[in-house]
Amino acid sequence: MDLGARRNLWDMLKSYKKDRIIILTTHYMDEADVLGDRIGIMCKGTLQCIGSSLFLKNRFGLGYKITFVKIRRRAHPGLDKFMESYFSGVVKQSEVHDEISYVIPKANAQNFGGFFEQLDMRLEEFDIKSYGVSMSNLEDVFLNINREFAPDLFGDLRSFSDSKNSSSENSGDNLKIVKNKDSDFKPRPIGDSLGTENSKDNENREAGARAMLLKDGDSS
């Protein structure tokens, strides 16, 4: 579904939900955030949590995310120490091209005042063009919950999340269907052990999966 059609669908669902209960399943976290008054996340067929978007972000979110746009590709060596001097437990989440992101624990929110005052005065010193701050989004919540309740199924989601954020626009599309010896189809994370298999085998498996999906769609 293209972006325009998806937006029209969202508007239609919003207009119809008055005095109604609508149950919607989706793997797009931005869609759940926009449409869901109460959001439930399932793992291995079991409901793991349910609540409003704000509740889930506060309960399972990573905290605050600050993203810097760098003047030079290489980050200033003093930026890490500057962040650590204001926020204990701060973690560098990713560094891609001209952007670098840190995750700040919620408990350190009271330090933002002095931090921003000093940061604004030292932007040129740290070679920073601009910056922005946001709370954890539902994508972070989804990955955090699945990391906790299904590490065997989803693997190392921290590295998976970093690579996906830098290469994919559709943040919720984190599974693909492949043919498997044990069963006809089985969801696996992109970038799992499949990458070590022969590329020709992968092409054959994906072609078989597409053929089966088309057959199922025709029969329905």
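Summary table
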item	result
Single residue of ILE71, ILE50 found to be of a type in the set (A, V, I, L, M), over 27 Å from TYR28 (Cα atoms) and open to solvent by 80 Å² or more (accessible area, probe 1.4 Å)	ILE71
Residues of the range 95-110 satisfying the condition of being open to solvent by less than 50 Å² (accessible area, probe 1.4 Å) and either touching a residue at least 60 places away in the same chain (Cβ under 8 Å) or not in a strand (DSSP E or B) (or both)	PRO105, ASN108, ALA109
Any pair with Cβ under 7 angstrom, 6 or more apart, that starts in the range 73-94 at a residue that is within 18 Å of GLY113 (Cβ to Cβ) and ends at one that is of a type in the set (Asp, Glu) and open to solvent by 60 Å² or more (accessible area, probe 1.4 Å)	VAL90/GLU84
Inter-residue pairs, beta-carbon under 7 Å, first on the phi < 0 side of the Ramachandran plot and free of Cβ contacts under 8 Å to residues at least 40 places away in the same chain and in the range 18-36, second in a loop (DSSP other than H, G, I, E, B) and of a type outside the set (Ser, Thr, Tyr), 6+ apart	LEU35/LEU24
Meets criteria (farther than 27 Å from ASN144 by Cα and open to solvent by 30 Å² or more (accessible area, probe 1.4 Å)) for ILE21	yes
Failed criterion for GLY113 (all others in (1) buried (at least 19 other Cβ atoms within 10 Å of the Cβ); (2) at negative phi hold)	(1)
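The values are calculated or read from the model by the stated rules, or taken from the named source; none is laboratory data. None of these values were measured; they are calculated from a predicted model. Cβ atoms come from the backbone with ideal geometry, glycine included; neighbour counts cover every protein chain shown. Quick note on the areas: whole protein, heavy atoms, side chains included, nothing else; ligands and nucleic acids left out. Shrake-Rupley method; radii C 1.70, N 1.55, O 1.52, S 1.80 Å.
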